[in-house]
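Right, one structure below, let's go through it.
The values are calculated or read from the model by the stated rules, or taken from the named source; none is laboratory data. Not measured: the values here are computed from a predicted model. A quick note on method: Cβ atoms are made from the backbone with ideal geometry, for glycine too, and the neighbour counts reach across all protein chains shown.
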Amino acid sequence: MTVITNAKESKLQLKFSMGLDSNGKEIIKTKTLTGIKTQATDQDVMDVATALVSLQSNPVADIVRVDADELVNA
């Protein structure tokens, strides 16, 4: 049986380092941006993420693109 993949949605997650807690563990805050076009290239998404990170006062810990796909039997 053949499976077809349909792109459903993409999200951009920006994870920021907010310092350390009382136990010395890093505190990470995540900002999620939805509505990213599924056909956007990784470079386009990275360019937007870089621009947004430059506006923040906290250092970026991670930049993540999350893609959700629908699997359909053909």
Within region 21-30, tally of residues that are in contact with a Leu (Cβ under 8 Å, 6 or more places away or on another chain) and either surrounded by 12 or more Cβ atoms within 10 Å (Cβ to Cβ) or assigned to a loop (DSSP other than H, G, I, E, B) (or both): 1
Residue match in region 4-16 (condition: of a type in the set (Val, Ile, Thr) and surrounded by 12 or more Cβ atoms within 10 Å (Cβ to Cβ)): no
Among the residues listed as 18, 46, 1, the single one being outside any helix (DSSP H, G or I), at pLDDT 95 or above and not basic (Lys, Arg): 18
Near pairs, Cβ below 6 angstrom, 6+ apart or cross-chain, from region 1-19 (without any contact (Cβ under 8 Å) to a residue 24 or more places away in the chain and on the phi > 0 side of the Ramachandran plot) to any residue that is part of a strand (DSSP E or B) and surrounded by 15 or more Cβ atoms within 10 Å (Cβ to Cβ): none
Those residues of region 49-64 which are out of contact with any Phe, Trp or Tyr (no Cβ under 9 Å at 6 or more places or on another chain), assigned to a helix (DSSP H, G or I) and surrounded by 11 or more Cβ atoms within 10 Å (Cβ to Cβ), in sequence order: 49, 50, 52
Residue 45 being touching a residue at least 40 places away in the same chain (Cβ under 8 Å) and either surrounded by 12 or more Cβ atoms within 10 Å (Cβ to Cβ) or on the phi < 0 side of the Ramachandran plot (or both): no
Flag if residue 67 is part of a helix (DSSP H, G or I), surrounded by 11 or more Cβ atoms within 10 Å (Cβ to Cβ), charged (D, E, K, R) and modelled with pLDDT of 95 or more: no
